[in-house]
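**Q** Would you mind keeping the following structure in view while I ask a few things?
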Amino acid sequence: MGDLKGKTALVTGSSRGIGRGIAQRLADDGALVAVHYGTNEKAAKETAESIAGAGGQAFTIGAELGVPGDAEALFAAFDAELAAHGAEPGLDILVNNAATRFSGRIDTATEEEFDRTIAVNVKAPFFIIQHGLRRIRDGGRIINISSAVTSTAHPSSIAYSVSKGGLDTLTLTLAKDLGERGITVNTIAPGWVETHVTAARTATPEGRAALAAYSVFNRIGRPADIADVAAFLASDDSRWITGQRIDVTGGSML
């Protein structure tokens, strides 16, 4: 605890699920956390309130991703809230977690769904990083949340898989580019995690058992399982790790 004291973090899509878990953990470790939401302001405020209730520091910022000018809008809100909270300008930890997912094989996926998936899952992180680099301090951390779908074949989620593959490549390339500034860039690839996204599939005992069976531990992942790895990558303990895709699937598909 306290390893991130004095640091500022921005976690996109942190109103619920994995993003909320990461925001809470980074705040537990001492960071001032910007809780970003696209549409669900209520859930974002609940995340910030839970952080404050645990003794941490957080504020919310709203910006729709996947639309023109999204990165500019995100950081305009971020800069304004930092100033309102009397915090020093700048950023130490950027977590690109926000994502959208359309199910469908290649013969049913529509152009609109594909474009939206790429816009939110690849284009938005690309330009958020571009604008963020004007604020990220030397020695900072960039953490991209990818997926197990980039290491195993999931034809029913092909557009999502393609987008996350692009994010993995972005991580690798940026790690080499930003090394001279001491900024590490890494990817976390979760498997099945118990969140609002998987709620429909875990509503029955049979559904829960099917998802749990993917892992060698025979359970579904929890947001904390992902958040703990994110906290490590955000800390100084990970200073010699960059350009890596960390599999955090509980040994799924071994």
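**Q** Whether any residue in the range 158-174 is surrounded by 14 or more Cβ atoms within 10 Å (Cβ to Cβ), out of contact with any Lys or Arg (no Cβ under 9 Å at 6 or more places or on another chain), in contact (Cβ under 8 Å) with a residue 40 or more places away in the chain and assigned to a loop (DSSP other than H, G, I, E, B) is what I want to check.
**A** Within the range 158-174 (the criterion being surrounded by 14 or more Cβ atoms within 10 Å (Cβ to Cβ), out of contact with any Lys or Arg (no Cβ under 9 Å at 6 or more places or on another chain), in contact (Cβ under 8 Å) with a residue 40 or more places away in the chain and assigned to a loop (DSSP other than H, G, I, E, B)), the answer is no, since none of the residues qualifies.
**Q** Sticking with this one: All but one of (1) surrounded by fewer than 17 Cβ atoms within 10 Å (Cβ to Cβ); (2) modelled with pLDDT of 95 or more; (3) more than 21 Å from the chain's Cα centre (by Cα); (4) not β-branched (Val, Ile, Thr) hold for Ala224; state the number of the condition that does not hold.
**A** Just one mismatch for Ala224, condition (3).
**Q** Also, quick follow-up: Show the residue pairs that are 6+ apart or on different chains and have beta-carbon atoms under 6 Å apart, the first residue being within the range 197-215 and over 14 Å from Ala148 (Cβ atoms), the second being assigned to a helix (DSSP H, G or I) and of a type in the set (Gly, Ala, Ser).
**A** Arg201/Gly207
**Q** Continuing with the same structure: Out of Ile118, Ile143, Ile136, Ile128, I need the residue that is in contact (Cβ under 8 Å) with a residue 24 or more places away in the chain and within 12 Å of Asp70 (Cβ to Cβ). Which one?
**A** Criteria check complete, one pass: Ile128.
**Q** Kindly provide the set of residues from the range 164-180 that are of a type in the set (A, V, I, L, M, F, W, C) and more than 15 Å from the chain's Cα centre (by Cα), ordered by number.
**A** Leu172, Leu174, Ala175, Leu178, listed by residue number.
**Q** When you check Gly207 against the structure, is it out of contact with any Gly (no Cβ under 8 Å at 6 or more places or on another chain), assigned to a helix (DSSP H, G or I) and more than 23 Å from Gly251 (Cα to Cα), yes or no?
**A** No; evaluated as a whole, the condition is false for this residue.
**Q** For Arg141, indicate whether it is in a loop (DSSP other than H, G, I, E, B) and not aromatic (Phe, Trp, Tyr).
**A** Considered against the rule, which asks whether it is in a loop (DSSP other than H, G, I, E, B) and not aromatic (Phe, Trp, Tyr), Arg141 comes out as no.
**Q** With the checklist (1) in contact with a strand residue (DSSP E or B) (Cβ under 7 Å, 6 or more places away or on another chain); (2) not in a loop (DSSP other than H, G, I, E, B) in hand, flag the one item Val122 doesn't pass.
**A** Of the numbered conditions (1) in contact with a strand residue (DSSP E or B) (Cβ under 7 Å, 6 or more places away or on another chain); (2) not in a loop (DSSP other than H, G, I, E, B), the odd one out for Val122 is (1).
**Q** Let me ask something else about it. Among the listed residues Leu74, Leu4, identify the single one that is assigned to a helix (DSSP H, G or I), touching a residue at least 12 places away in the same chain (Cβ under 8 Å), surrounded by 14 or more Cβ atoms within 10 Å (Cβ to Cβ) and hydrophobic (A, V, I, L, M, F, W, C).
**A** After ruling out the rest, the residue left standing is Leu74.
**Q** Among the listed residues Phe59, Phe114, which satisfies the condition of being of a type in the set (A, V, I, L, M, F, W, C) and closer than 18 Å to Gly19 by Cα?
**A** On inspection, the qualifying residue turns out to be Phe59.
**Q** Which of the following residues is at pLDDT 95 or above and either part of a loop (DSSP other than H, G, I, E, B) or exposed (fewer than 14 other Cβ atoms within 10 Å of the Cβ) (or both): Thr187, Thr242?
**A** Thr242
**Q** Test Gly104 against the criterion of being surrounded by 15 or more Cβ atoms within 10 Å (Cβ to Cβ), on the phi > 0 side of the Ramachandran plot, in contact (Cβ under 8 Å) with a residue 24 or more places away in the chain and not acidic (Asp, Glu), and give yes or no.
**A** Taking the combined requirement at face value, the residue satisfies it.
**Q** Could you tell me which numbered condition Ala80 fails, if it satisfies all but one of (1) within 22 Å of Asp168 (Cα to Cα); (2) assigned to a helix (DSSP H, G or I)?
**A** (1)
**Q** Of (1) out of contact with any helix residue (DSSP H, G or I) (no Cβ under 8 Å at 6 or more places or on another chain); (2) modelled with pLDDT under 95, Gly104 satisfies all except one. Which?
**A** The failed condition is (1).
**Q** Let me spell it out: the conditions are (1) of a type in the set (Gly, Ala, Ser); (2) buried (at least 16 other Cβ atoms within 10 Å of the Cβ); (3) modelled with pLDDT of 95 or more, and Ser151 meets all of them except one. Which number is the exception?
**A** Of (1) of a type in the set (Gly, Ala, Ser); (2) buried (at least 16 other Cβ atoms within 10 Å of the Cβ); (3) modelled with pLDDT of 95 or more, only one is false for Ser151: (3).
**Q** Mind counting the residues in the range 27-48 that are touching a strand residue (DSSP E or B) at 6+ places or on another chain (Cβ under 9 Å), over 13 Å from Phe59 (Cβ atoms) and part of a helix (DSSP H, G or I)?
**A** 1
The values are calculated or read from the model by the stated rules, or taken from the named source; none is laboratory data. Remember, it's a predicted structure, so these values are computed and weren't measured experimentally. Note that we place each Cβ from the backbone using ideal geometry, even for glycine, and neighbour counts take in every protein chain shown.
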